[in-house]
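The values are calculated or read from the model by the stated rules, or taken from the named source; none is laboratory data. This one's a predicted model, so the numbers in the text were calculated from it and none came from an experiment. Cβ sites come from the backbone with ideal geometry, for glycine too, and all protein chains shown count toward neighbours. For the accessible areas, the whole protein counts, side chains as well, though only heavy atoms, and no ligand, DNA or RNA atoms are used. Shrake-Rupley method; radii C 1.70, N 1.55, O 1.52, S 1.80 Å.
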Amino acid sequence: MAVLRTEVFLYERAVILISCFLSFLGSCLIIFTYMLWADLRTKPRKLLVFLSVADLLSAVSYFYGVLRDFDSDSWDCVLQGSVSTFANTSSFFWTVAVAIYLYIFIVRSDQRTANGLLLWFHIISWCVPLGITIAAVSLQKIGYDASNVSVGWCWVSINASDQILWMLLTGKVWEILAYITLPILYILIKKHIKTAHAALSEYRPILAANPMSQFQSSMADTKLTLIPVIFIALRIWSTIRFVLTLTESPAVQNPMLVILHGVGNTFQGGANCIMFVLCTQVVRSRLASALCCCRYEAGCTCCRGSDSNQQPVETPRTDELPVCLG
């Protein structure tokens with residue numbers, strides 16, 4: 001494979017650094033809202049928090065890598081590449097874990113099995129990426145990659161004789177599997193919800209005609225569509241550059257493609273925050289109230305979290321899905 005360094009221009013780095021920062025803030029906001037309000041601590045949001053931890057680590061490691069814009073192997077190149085490899089792979093696993101949980105809980109109507117999978121989600125989503133990363137570092141596969149399959153940061157070293165194999169193991173194979181798995185699961189969930197609401201409308205026409213109920217159902221349906229679409233829209237540019245690198249195409253250095261790759265890899269936390277915090281009415285309203293309260297009333301209690309006697313709510317029934325997705 002030809003080794004031609006892709007130059008990352010200053011304006012490209014600036015855009016990607018902003019994306020990293022926004023993703024960091026978005027991930028922190030998801031974690032903050034989960035910790036602040038106990039009554040919003042549903043199981044899907046708990047999984048979203050773990051996903052946000054992985055996205056936060058990705059954002060921090062990518063920020064450092066883009067800021068440094070490595071041009072050779074170094075100890076911090078290997079460290080940054082290791083953290084981003086672990087966090088990025090873990091993010092793929094947690095993204096799929098959320099979809100699997102929702103599928104089992106909603107479509108299979110089996111809360112016990114869904115909750116029982118939480119331990120396995122942790123084992124797989126943390127330990128598998130960690131094992132892959134440790135193996136890659138031990139075998140000296142992490143290092144400078146000439147920014148052909150990255151944007152300034154380090155990943156699989158260009159000196160690795162089996163570079164393609166390790167690019168697959170440390171990210172690409174899991175990314176491609178997520179492309180396939182996420183649309184299938186969310187289509188099945190959407191289909192089940194549509195059927196359930198059709199039956200609900202027949203037996204509960206008053207609720208079916210309720211504008212608020214229709215709005216919430218529409219928002220839930222929109223989110224179920226956007227989750228896999230946004231994931232693929234963000235990640236596909238990385239896959240395209242991977243394929244272009246394999247074919248040794250000069251298009252891999254296209255500035256627009258480089259920016260899209262950089263933003264796509266770094267903005268997942270920001271995208272999740274937009275969908276599950278800013279576009280979720282109950283969370284958005286509480287945030288707005290808390291911000292106004294903290295600004296104007298020093299003694300206000302709304303910033304201290306929920307009532308200590310209030311119990312966390314579990315994920316609701318299928319006909320209350322908007323709260324689950326919110």
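Rundown of residues vs (1) open to solvent by 50 Å² or more (accessible area, probe 1.4 Å); (2) basic (K, R); (3) modelled with pLDDT of 95 or more; (4) not in a helix (DSSP H, G or I), yes/no style:
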{"site": "Y64", "(1), (2), (3), (4)": "yes, no, yes, no"}
{"site": "F86", "(1), (2), (3), (4)": "no, no, yes, no"}
{"site": "S90", "(1), (2), (3), (4)": "no, no, yes, no"}
{"site": "W94", "(1), (2), (3), (4)": "no, no, yes, no"}
{"site": "V98", "(1), (2), (3), (4)": "no, no, no, no"}
> Say we look at region 2-48 and pick out the residues that are open to solvent by less than 30 Å² (accessible area, probe 1.4 Å) and hydroxyl-bearing (S, T, Y); which of these is farthest from the chain's Cα centre (by Cα)?
Replying inline: T6
>> Return the residues of region 107-139 that are over 21 Å from the mean Cα position of the chain (by Cα) and at pLDDT below 95; say none if nothing qualifies.
In response: V107, R108, S109, D110, Q111, R112, T113, G116
> When both residues are 6+ apart or on different chains and their Cβ atoms are under 9 Å apart, which pairs have a first residue that lies in region 241-264 and is farther than 19 Å from M167 by Cβ and touching a residue at least 40 places away in the same chain (Cβ under 8 Å), and a second that is open to solvent by less than 30 Å² (accessible area, probe 1.4 Å) and in a helix (DSSP H, G or I)?
Replying inline: P255/E12; I259/E12; I259/I16; V263/I16; V263/S19; V263/L234
